[in-house]
Every structure is written in structure tokens, then in C-alpha cells.
Amino acid sequence: MTLVLPPRLTASARTLRDTAERRGLPVVQLTDQTVPAELSAGCPRTPVHLHAGPSFADAVAPALGIAPLEAPADWLAGLPDAFVRREIRAVPIREAYALRRPAFVKSPNDKSIPALVYTDGSRLPGPDAVDPETVVLVSDVVTLEAEYRLYALDGRVHTGSRYADSGRPALAPLSASAEAFGADLLAAAGHSLPSAIVVDVGLDDAGRWMVVEANAAWASGCYKSDPERALDVVLRAAGPAALLTERDAAFVR
């Protein structure tokens, strides 16, 4: 089992690299998007896994024979109100241009549309920069007192961490209440997610828990999560396509 990393490492990537090395796993840091022959799909080798950003993953995953897992683009918009506490729609960006009120808008599974509060639809990237059919998530603006990242594996919270307090970076261990909310969410909606995924949740200014978003584990920062358990999730989330389970086949990026 080999972990492949991109040329530039985030703090999370360095943590996962060190964790993998402590496990005795080979780690290969690529210098660019060229995949060495010995790592190419079809070449006899140990299974290859990936931790990288979406654009780098898109470039190298096919050559590596890796199937990166992610949540469906409309997953957040389809959750019951009890888990989101706000209106969320998944729409083509051409529809979002008609917004005439402030809204939080983002890409579902990458950062192609910056995740921001836009005062109205005219502030979004225009059709000269973005395909009008590009799907975006449009949601009501909420104020979050605390935000947590949950690493989920096989429908259970595997590890997690606080990453923000009142909108500011603030790393801390996972709270019992955040973990309990995550467990309730996965019990109700875990079937609609891949077996390995990251889900961010938050506590609003009225003391209500809500889902913030789902993220691909192979592209997420682990913050103060247990790195060993975070690595478990990453390895499952971006592993060999040949080992993909029937359950996860619907969630390949």
C-alpha cells in the first residue's frame, strides 16, 4: 500500500505523510502531474492511494488507477431540515445569477466557485469565467458559533476536530455533542454518502446543530483529528478502482 502526495504539501498532508511512514507505508511525493511508470495503473504493484487537492487528483487519479470518492453534488440540498436548519438549493449557476438577496454560494465538491456570502447574484463569477450549467449550492446565510470536521467511515464517526470558533480558526478536539450529532446524521443519511467521507457540522447562534457541508476525505485538512484514524478514512476514500465496492461505485468523482 503506497500513499501518493502532490508537489506542495499542506500541514494536513505532512501530518498524514508522517503517519503513513510511522505505519511503514511507502510514501511518494510527485514533483508534477507526471505519474512514474512504476505507479501507473496496470503495472504490477502494491495498491496506491492519494491525498491531494481536487485539481491535482483529477490530473493523476486515472493514471494511478485510483477511484476518488465524494458526496453527490446535491447531497446537502437533499437533507431533511432537521439536519440543515436552512434552505439550501443545488442549481445551475445561471439560475443563481437571478438572486436579489444575500446568499451563501459555493461549489459542491471543490473550490471553483469561492465559498462566500454574495450580496446578490450579480457578484458571482460570470458566464465568461464559468459554464452556466455549473451546479452551485445556494443557502441562507447563518451565523455559526463553532464548526467541526467529522471523518466518517462505514457510517460511523471515526475521528474529528473543531476547526473554527465564531468564524475564526480555532483548533480543538472533537466535542461529545458534535460527535453525537454526527452519529445521528450518519444513522439517518449515511446510506447517501460514500463509505469514507468528511462531513463538516456547526452549532448556530441559537444553539442548534446543522450540517455545513460534505468534503472528500482525500482533499481535506485533518486539523486536530486523530491522524491515524483520519488516515484510515483517506486510504479508503481514494484507493484502487479495482478494489471499489459496489456500494461506493456510485460515489466516484
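Every number in this text was worked out from the coordinates using simple rules, so none of it is lab data. Since this is a predicted model, take the numbers as computed values, not measurements. Here Cβ is always computed from backbone atoms with ideal geometry, including for glycine, and neighbour counts include all displayed protein chains.
Identify which of VAL142, VAL234, VAL27 has the largest mean-square fluctuation in a Gaussian network model of the chain, with springs joining Cα atoms closer than 10 Å.
Maximum among the listed residues: VAL142.
Regarding region 87-139, what are the three Cα extents along the principal axes, ordered largest first, in Å?
For region 87-139, the Cα spread along each principal axis is 22, 21, 16 Å.
What does the charge add up to near VAL211, with Lys and Arg as +1, Asp and Glu as -1, over the other residues with Cβ less than 9 Å from its Cβ?
-1
On alpha-carbon atoms, Rg over Rh for region 104-217 using Kirkwood Rh?
1.00
About its Cα centre, how strong a charge dipole does the chain have in debye, to the nearest 20, once Lys and Arg get +1 and Asp and Glu get -1 at the Cβ?
Charge dipole, the chain, about its Cα centre: 380 debye, nearest 20.
Taking other Cβ within 10 Å of each residue's Cβ, how do GLU70, GLU147, GLU38 sort, fewest first?
GLU38, GLU147, GLU70
Using bins 10 angstrom wide from zero, how does P(r) for region 185-235 break down, in % of all Cα pairs?
Percent of pairs per bin, in order: 22, 48, 27, 3.
Scan around VAL136 for amide H atoms under 5 Å from its own, H built in the peptide plane at 1.01 Å from N, and keep only partners 5 or more places away or cross-chain.
Residues meeting the criterion, in which the H sits 1.01 Å from N, are VAL91, ILE93.
Using helices alone, I'd like the mean residue ellipticity at 222 nm for the chain: each DSSP H run of four-plus residues gives -39500 (n - 2.57), total over residue count, nearest 500.
Only helices count here, giving -6500 deg cm²/dmol.
What is the set of long-range amide H partners of VAL28 at a cut-off below 5 Å, with H atoms built 1.01 Å from backbone N?
Result for VAL28 returns LEU3, VAL4, LEU5.
Going by C-beta contacts inside 10 Å, put THR31, THR119 in order with the fewest on the left.
Going from sparsest to densest Cβ surroundings: THR31, THR119.
Taking the Cβ of GLU147 as the center, what net charge do the other residues with Cβ under 9 Å away carry, scoring Lys and Arg +1 and Asp and Glu -1?
-1
Can you tell me the orientation of helix 54-64 relative to the chain, as the angle in degrees between its alpha-carbon axis and the longest Cα principal axis, to the nearest 10?
Here the helix axis deviates by roughly 30 degrees.
Residue by residue through region 148-163, what is 3J(HN,Hα) from phi via Karplus (6.51 cos²θ - 1.76 cosθ + 1.60, θ = phi - 60°)? Round to whole Hz and write x for glycine and proline.
10, 9, 10, 8, 10, 9, 6, x, 10, 6, 8, 6, x, 6, 6, 10
Could you calculate the contour length gain from THR245 to ASP205, that is, 0.36 nm times the residue separation minus the distance between their Cα atoms, to one decimal place in nm?
Result for the pair: 10.4 nm of gain on full extension.
Starting from the Cα-Cα distance between ASP58 and ARG89, subtract it from 0.36 nm times their residue separation and give me the gain in nm to one decimal.
8.6 nm
Could you compute the net charge surrounding ALA103? Neighbours are other residues with a C-beta less than 9 Å from the C-beta of ALA103; K and R count +1, D and E count -1.
Local charge sum for ALA103: -1.
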